[in-house]
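A quick write-up on the structure given underneath.
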Amino acid sequence: MKTPLLRNGMLVILICVLAGSALAQRGPGGRGPGRGKGGHGQGHDRDHVDFRYLLTNHQKIKRNVRELPNGVQTLTESDDPQVAAKIREHVYWMKERIEKKQPIRMRDPLFAELFKHAAEIKMVTENTRNGVRVVETSEDPYVVKLIQEHAKTVSQFVKRGFPEAMKNHPVPTTQKEAKKTEYIHPNIQQYGKVVQLPDAAQQPRAESKLCVDLTRGGAADQLNPSIEKIARYVNIYEGAGKSTASVQIAVVLHGDATLCALNDDAYAKRFKTENNPNLDCLHELHEAGVSIYVCGQSLIGKGSQPEDVVVFADVAVSALTSLVNLQADGYAYIPLLK
């Protein structure tokens, strides 16, 4: 009888040891890390649920922030015991994320930059009766700014809830570091200014083909804004992304935009202007390799003739046939309609 009892006793001890080991790896609330690569997985989902709970109950939370020379001291509390417990739990896991460099909310520029410098951040937490006190510091002056800006952002989460959580938050800069928006004209010099965004998503892809359907008219004595928008398309592919991307662009003019391609004499006679204000930009588009097609049906329907069209544009049978043919040739349809 002693042998079975001994075996059973050893089994109980083994189960207790394993259970104790598992519990030792768990944080507040008795839940394990469960993190996947890059902070995703069970841990990411858990933190997301915690965050939503706190945002839902943001009006029950009180928060005080005191800036320090090397960081911040924050006190976040609630008179609701459940909310207070969730605050402590959230802070516990966020501290672990900082220490283990497991980022979260990486679409937000401020959070992405903060986690990039996680190794330079020190967090000390102290549970209070109704929440938690946190001292967050760094020896790097730039990281101190990140910490302080992050603390302000969290206070806005507490104040506004979900509307604030839906925003992106910029990385703090000094006045000297702040950059003015710099517009460039990488191909067409006088029209279609763009901003270079080498790190943005959906970069211009080489060998793209665009079919621009332009029906929008404009003031007779001014450049049609939609024509300048096509110049912006050219400049986007030429230099707004990380690298230049080849592109073929074809423009089909019909509807109210048809007469934008009249030569100066025909346009001036038609609209009583000195010249056609669209031709300079259209010529720049032509020089940049853009194909310009004018709907013959619209042109004649509006009382003009193919010979009235500027020499670098082609009169097509119709906008319909042009758009169908171009899309059959692999051009993506881009409408600039009324």
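Within the range 149-162, how many residues turn out to be open to solvent by less than 30 Å² (accessible area, probe 1.4 Å) and outside any loop (DSSP other than H, G, I, E, B)?
4
Please go through the range 320-330 and pick out each residue that is surrounded by fewer than 20 Cβ atoms within 10 Å (Cβ to Cβ) and at negative phi.
Once the filter is applied, which keeps residues that are surrounded by fewer than 20 Cβ atoms within 10 Å (Cβ to Cβ) and at negative phi, the range 320-330 yields 320, 321, 324, 325, 327, 328, 329.
Of the conditions (1) open to solvent by less than 60 Å² (accessible area, probe 1.4 Å); (2) in contact (Cβ under 8 Å) with a residue 60 or more places away in the chain; (3) more than 22 Å from residue 88 (Cβ to Cβ), residue 165 clears all except one; give me its number.
With respect to (1) open to solvent by less than 60 Å² (accessible area, probe 1.4 Å); (2) in contact (Cβ under 8 Å) with a residue 60 or more places away in the chain; (3) more than 22 Å from residue 88 (Cβ to Cβ), residue 165 is out only on (3).
If I go through the range 131-147 residue by residue, how many of them are more than 28 Å from residue 201 (Cβ to Cβ) and crowded, with 18+ Cβ neighbours inside 10 Å?
Looking only at that region, the number is 7.
Can you name every one of the strands (runs of 3 or more DSSP E) wholly within the range 51-139 that holds 2 or more residues which are charged (D, E, K, R) and either out of contact with any helix residue (DSSP H, G or I) (no Cβ under 6 Å at 6 or more places or on another chain) or under 25 Å from residue 166 (Cβ atoms) (or both)?
In the range 51-139, the matching strands (runs of 3 or more DSSP E) lie at 61-68, 122-127, 131-137.
Working carefully through the options 115, 111, find the one that is free of Cβ contacts under 8 Å to residues at least 24 places away in the same chain, of a type outside the set (S, T, N, Q) and open to solvent by less than 30 Å² (accessible area, probe 1.4 Å).
After ruling out the rest, the residue left standing is 115.
Of all residues in the range 51-61, which are surrounded by fewer than 17 Cβ atoms within 10 Å (Cβ to Cβ) and either touching a Cys at 6+ places or on another chain (Cβ under 9 Å) or in contact (Cβ under 8 Å) with a residue 40 or more places away in the chain (or both)?
56, 59
If you check residue 64 against the conditions, is it under 30 Å from the mean Cα position of the chain (by Cα) and without any contact (Cβ under 8 Å) to a residue 40 or more places away in the chain?
Judged against the criteria, residue 64 is not a match.
Would you check which residues across the range 118-152 are β-branched (Val, Ile, Thr) and either more than 14 Å from residue 73 (Cα to Cα) or touching a His at 6+ places or on another chain (Cβ under 6 Å) (or both) and list them?
143
Among residues belonging to the range 298-319 that are of a type outside the set (Gly, Ala, Ser) and touching a residue at least 24 places away in the same chain (Cβ under 8 Å), point out the one that is surrounded by the fewest Cβ atoms within 10 Å (Cβ to Cβ).
311
The values are calculated or read from the model by the stated rules, or taken from the named source; none is laboratory data. Keep in mind it's a predicted model, so treat the numbers as computed, not measured. Neighbour counts run over all protein chains shown; Cβ positions are idealised from the backbone, glycine included. Just so you know, the surface numbers come from the protein's heavy atoms only, side chains and all, with ligands and any DNA or RNA stripped out. Shrake-Rupley method; radii C 1.70, N 1.55, O 1.52, S 1.80 Å.
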